[in-house]
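Please read the structure below before turning to the comments.
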2 protein chains.
Amino acid sequence: MPTLKDVAKLANVDASTVSRALNNSAHVHPETRKRVFAAVEKLSYEPNVLAQGLRKGKRHTIGIVVPRLQLTMFGDAVQAAEQRAQELGYATIVCNTDDDPKRERECLDRLGNGFVDGLIIAATGKNTRAIQTLAAGGMSIVQFLRRDNIGLSSVTADFEACAYEGARYLADKGCRHIGLINGPASLGPYRERLSGYRRAMDELGLEEILVSDSLQANSFEYGYRSTTRLLSEHPELDALMAAVDVQGMGAMKALREQELRYPEDVRLMSLTGYLVGSLLETPMTSMEVPTEEISRKAVDTLVELIDAPADKKPSRSSLVFPPMLVERRSG
Amino acid sequence: MPTLKDVAKLANVDASTVSRALNNSAHVHPETRKRVFAAVEKLSYEPNVLAQGLRKGKRHTIGIVVPRLQLTMFGDAVQAAEQRAQELGYATIVCNTDDDPKRERECLDRLGNGFVDGLIIAATGKNTRAIQTLAAGGMSIVQFLRRDNIGLSSVTADFEACAYEGARYLADKGCRHIGLINGPASLGPYRERLSGYRRAMDELGLEEILVSDSLQANSFEYGYRSTTRLLSEHPELDALMAAVDVQGMGAMKALREQELRYPEDVRLMSLTGYLVGSLLETPMTSMEVPTEEISRKAVDTLVELIDAPADKKPSRSSLVFPPMLVERRSG
DNA sequence: CTGAAAGCGCTTACAG
DNA sequence: CTGAAAGCGCTTACAG
């Protein structure tokens, strides 16, 4: 592996000049510059990220904090984020919190300890203080896929619209008893879905029928139990919206057990669909969200933040992507 | 962040002594040692991985090369590998090849270029030369979940047993026309499943009925098309083994279209099941493989390889984990 | 516009 | 058993 010195020797200049030419950090005579780049080319020189990092106190690593990967949009999200990070020359460390505030806290402690240059995070909402402290201490942080109003940039989807448009769609199909399987309102996306659902129910003059526990909501089990409960309390149910796909899969199980067909007896849809829903035996009607785009954008935003000099960090930004309705068999 | 120097000052020794004490790289007087560790404790000192890396030419980053993450065992595998890597102080870079040799080549080029200390890889089998060259050039490489006989350590599952035991199970249930949806024999796991299937068919005196194209086999579409084809050529089919879950999901779609019920008309099972199969509307009978354990072990093996001094690298090892049958509804 | 020097935080021959 | 010194590959004030 050639080093700066090798390039400098070949170009007949000092290493510092090579550095300046490469980083555009000061005026370098065009002639010199040309020689430098020729030498770089010739040796196919690549700067040693480690040495750069040591010098500048950067590790070229970003942390990704998400609840889990399996069968969730976060799996896709992390894949896209890792790819984008790699394109930008960053390694990644992925940390799964399982939506457990304690585990999240551990992740934050570990990553905060000088392990990474920045963080993209889909937080539980229970460690706001710790996250703000980290940010105040100079850590670059971007929220993605989940947003709380904690003074940090975010890239998310419009979950309010997911629920609102989902409900309008079901109402258009003639449903009058539209249930919602949601999750704890302490989490931004659930709170937003709830508010979209309420807006729609209000406009339509329909009764709100919903489950919104503060439990581990992003699961098959939760979808199953919630559906069973809703059906027993509201046998008139003719439509059901699940916040995420695995909940919808759990709902399917519950409906089958009650010998209810979907969509014939109960229209079923997911409010945040991803690949798996389309491959089910009964493909699931879904609101879909551009997860990959969101993740890539979050990484871009983070890297800009990391790279900006301390005295002119970009100001806080909030990006929200709209969802799209995909009609399939279940609803 | 405290540095070696801070520790040295507090312990009243030279930085080099602290280094030796911490790394156990030379005799340090027990008394001195005690002082050093007390200081480390007091300052809660953590060595700067970047500086260590620069000194030793290590990046503390490992590359993970897999075909894809979505709806495959590789998703689980990568999650487990990342976690283990993190425990060992390594960052990760994940590269998806989509089982395309060209993309795999790009991954290898990029990662080979001094970006990582080592690689765990589930290869396409089409870049054997490039991989061997990398290894010969000093890159530490461990194969995981897929093994080719290319002189490198591996940690895999016994896919031969998956297919053999799967077929025996179906035969025990009374099936006499057992089909196999496989994939290209150029890939180790498919080759091994094929051989297990053949062994079982041979022992049972049954006809081989199989699809084994050299296409993108790890997909819903492939499972769907293959099943349609097998059914048209062999209407007598009474059992079907899919190499992986998504193929099985595609098979379900094809069976439904032919108005065949599973398991009543055709018993269906996956030979490498993971979570998704258990959550389907018709939960899938599967051979299951300890993906997480395999991944963690692969990372351990790799890190040992990386950390060993050049003159005494551990010799090649091959670890194979046995599968387990999980009976569910589909078969 | 460019060179010489110092230093990021560590490790490791080299003396003693 | 321990200290002083050199150096991994880079960047950045400091002169000029």
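The values are calculated or read from the model by the stated rules, or taken from the named source; none is laboratory data. All of these numbers come straight from a predicted model, not from anything done at the bench. Virtual Cβ from ideal backbone geometry, glycine too; neighbours counted across all protein chains shown.
A few remarks follow.
- Of all residues in segment A:79-86, one or more are more than 10 Å from chain B (Cβ to nearest Cβ) and not small (Gly, Ala, Ser).
- Residue that is nearest to the chain's Cα centre (by Cα), among those in segment B:179-191 that are assigned to a helix (DSSP H, G or I) and surrounded by fewer than 23 Cβ atoms within 10 Å (Cβ to Cβ): B:Gly188
- Residues in segment B:45-62 that are of a type in the set (A, V, I, L, M, F, W, C) and more than 8 Å from chain A (Cβ to nearest Cβ): B:Ile62 only.
- Where B:Ala123 falls short, out of the listed (1) within 11 Å of chain A (Cβ to nearest Cβ); (2) of a type in the set (Gly, Ala, Ser); (3) more than 16 Å from DNA strand C (Cβ to nearest atom): (1)
- Per the conditions (1) buried (at least 24 other Cβ atoms within 10 Å of the Cβ); (2) more than 14 Å from chain B (Cβ to nearest Cβ), the sole criterion not satisfied by A:Asp238 is (1).
- In a residue-by-residue description of segment B:22-44, the property of being within 10 Å of another protein chain (Cβ to nearest Cβ), of a type in the set (A, V, I, L, M) and either in contact with a Pro (Cβ under 7 Å, 6 or more places away or on another chain) or more than 30 Å from B:Glu221 (Cβ to Cβ) (or both) applies to no position.
- Screening the candidates B:Glu203, B:Glu192 for the property of being on the phi < 0 side of the Ramachandran plot and out of contact with any Asp or Glu (no Cβ under 9 Å at 6 or more places or on another chain) yields one hit, B:Glu203.
- Complete set of residues in segment B:102-117 that are under 19 Å from B:Lys297 (Cα atoms) and either in contact with a Pro (Cβ under 8 Å, 6 or more places away or on another chain) or more than 9 Å from chain A (Cβ to nearest Cβ) (or both): B:Asp117
- Out of A:Ala136, A:Ala157, A:Ala130, sole residue that is surrounded by 24 or more Cβ atoms within 10 Å (Cβ to Cβ) and under 30 Å from A:Pro309 (Cα atoms): A:Ala157
- A:Val49 meets all of the listed conditions (1) over 31 Å from the mean Cα position of the chain (by Cα); (2) of a type in the set (A, V, I, L, M, F, W, C); (3) modelled with pLDDT under 85 but one, namely (1).
- Looking only at segment B:23-57, residues that are more than 6 Å from DNA strand C (Cβ to nearest atom) and in a helix (DSSP H, G or I) come to 17 in all.
- Listed by position, the helices (runs of 4 or more DSSP H) enclosed by segment A:212-331 that each have at least 3 residues that are touching a residue at least 24 places away in the same chain (Cβ under 8 Å) and of a type in the set (Val, Ile, Thr) are A:291-307.
- Some residue of segment B:88-101 being assigned to a helix (DSSP H, G or I), surrounded by fewer than 20 Cβ atoms within 10 Å (Cβ to Cβ) and more than 10 Å from chain A (Cβ to nearest Cβ): yes
- Check on A:Leu71, within 16 Å of DNA strand C (Cβ to nearest atom) and either within 13 Å of chain B (Cβ to nearest Cβ) or within 32 Å of the chain's Cα centre (by Cα) (or both): no
- Selection status of A:Leu108, within 16 Å of DNA strand C (Cβ to nearest atom), part of a helix (DSSP H, G or I) and under 22 Å from B:Ala85 (Cα atoms): no
- Residue match in segment B:39-61 (condition: of a type in the set (Ser, Thr, Tyr), surrounded by 13 or more Cβ atoms within 10 Å (Cβ to Cβ) and more than 8 Å from DNA strand D (Cβ to nearest atom)): yes
- Set A:Val7, A:Val65: member being hydrophobic (A, V, I, L, M, F, W, C), within 9 Å of DNA strand D (Cβ to nearest atom), touching a Leu at 6+ places or on another chain (Cβ under 7 Å) and modelled with pLDDT of 90 or more: A:Val7
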